[in-house]
Amino acid sequence: MRTLTIIGCGSLARSLARLWSENEIFAIGDILNRSIDSAKEAVAQIGGGSAVSLMSDIRQADLYLIATPDSQIKGCADELEQSGLIDSNSIVFHCSGVLSSEVLSSVKKRGASIASAHPLRSFAKPILSKVEFAGTYCSLEGEDRAVKTVSQAFEALDAITIAIEAKDKVLYHTAGAIVCNYLTSLMELGLQTYEKAGIDRELTLKMIEPFVRGTLDNFFALGPVASLSGPIARGDCETISTHLAALEEWSKPKADLYRLLGSVALELSRAQGTANRKSLEELKVLLNTETS
Ligand SMILES: NC(=O)c1ccc[n+]([C@@H]2O[C@H](COP(=O)([O-])OP(=O)(O)OC[C@H]3O[C@@H](n4cnc5c(N)ncnc54)[C@H](OP(=O)(O)O)[C@@H]3O)[C@@H](O)[C@H]2O)c1
């Protein structure tokens, strides 16, 4: 079995290492964190590996996962390159969503093959079970040898691997922030707007839950075009105009955001084809924002 050493063994690496170890995909080698206590805690949670205090204490392994916070990955790769551990059999990878494998390029000087592999899920829970992890999409890019081995390791945990280009990683990660984090922001903006209309947050949350869940269910069942409903889908310019006037009076940035999101809805409404063309043209003028 190949050995995997981990530099930076926090939330993500503890779960992955435990799963790879339990399923006999990798034997866990050394674990280096900032503090030895944290490395020992990781060893206990994984049920394998040896905690070390310094890069110079690490023994040679087949694969090296650098799962520190993103800002530390390059520095750790540079230190690893200087360690004397890396040769042409080594594989070095990280799991950042935004950085490409290029950040590991220093170890290429020693012949290592490099990759980035980003599992699209949150590792907030200390340890995920195989059942919980199964079906997770992982996007990979990098050099063939590293991508092949790391893909196989994720697929052995029933993850679904997809290829991404290094140049696209930043936008790929931005998209994740929009669909997940900004959905939360959008909901918060909705709560603030209900509050402005005199309905408190507690009641709003109860009131909108079925409404929002139904929207999400329709979105995934029918797709964005067919699931769009409301005034823009109907081409109702008068209603949109009153919404905008109310928002302008309250907060110009909120009105601007409403216009921008409205113009995305307008594209969907065009594709849906329910509203008449004249209404769609009037809406375009009202929303007055380019979407592409
Ligand atoms: N968490 C997620 O949900 C998630 C999801 C997808 C991808 N990722 C990616 O996975 C990577 C790790 O994220 P994470 O959330 O697991 O981070 P984390 O929980 O903050 O853990 C980071 C670990 O790195 C160690 N560390 C920090 N600087 C170090 C250094 N210079 N040398 C050695 N060890 C160092 C820390 O040690 P101490 O414990 O001693 O402080 C800690 O154990 C990142 O690239 C992130 O973008 C995370």
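Among the listed pairs LYS109/LYS167; LYS167/LYS252; LYS40/LYS74, those with a Cα-Cα distance over 29 Å are LYS167/LYS252. If a/c stays under 1.5 just call it rounded; otherwise compare a/b with b/c (prolate if a/b is bigger, oblate if not). Do that for segment 8-161, with a ≥ b ≥ c from the square roots of the Cα gyration tensor eigenvalues. Here segment 8-161 falls in the oblate category. Determine which aspartates and glutamates satisfy two conditions relative to LYS130: a Cα distance under 16 Å, and not lying fewer than 8 residues away in the same chain. Those aspartates and glutamates meeting the cut-off are GLU22, GLU24, GLU155, ASP158. Within the shell defined by Cβ-Cβ distances under 14 Å, the residues around TRP20 carry a net charge of -1, with Lys and Arg each +1 and Asp and Glu each -1.
With angles folded into 0 to 90 degrees, how steeply does helix 11-22 sit against the dominant principal axis of the chain? Use alpha carbons for both and round to 10. Around 60 degrees separate the two axes.
Near the amide H of ALA27, within less than 5 Å, lie the amide hydrogens of ARG2, THR3, LEU4, all on another chain or at least 5 residues away, with H placed in the peptide plane. Take every DSSP beta bridge with both residues inside the chain and express the antiparallel ones as a percent of the total, to the nearest 5. Bridges in the chain that DSSP calls antiparallel: roughly 15 percent.
Within the same chain, aspartates and glutamates fewer than 8 places from LYS196 are excluded, and of the rest, those with a Cα less than 14 Å from its Cα are GLU188, GLU248, GLU249. Relative to the longest principal axis of the Cα atoms of the chain, the long axis of helix 36-46 makes an angle of roughly 80 degrees. Other residues lying with their Cβ under 15 Å from the Cβ of VAL107 contribute a combined charge of -2, Lys and Arg counting +1, Asp and Glu -1. Put simply, when 103-115, 4-16, 123-135 are sorted by average Cβ atoms within 10 angstrom per residue, most first, you get 4-16, 103-115, 123-135. Please give the Cα centre distance for segment 39-107 versus segment 127-181, rounded to the nearest Å. Going from one Cα centre to the other spans 18 Å.
Each reported figure results from applying straightforward, stated rules to the coordinates on display, with no laboratory input. Keep in mind it's a predicted model, so treat the numbers as computed, not measured. Please note: Cβ atoms are built from the backbone with ideal geometry, for glycine as well, and neighbour counts cover all protein chains shown.
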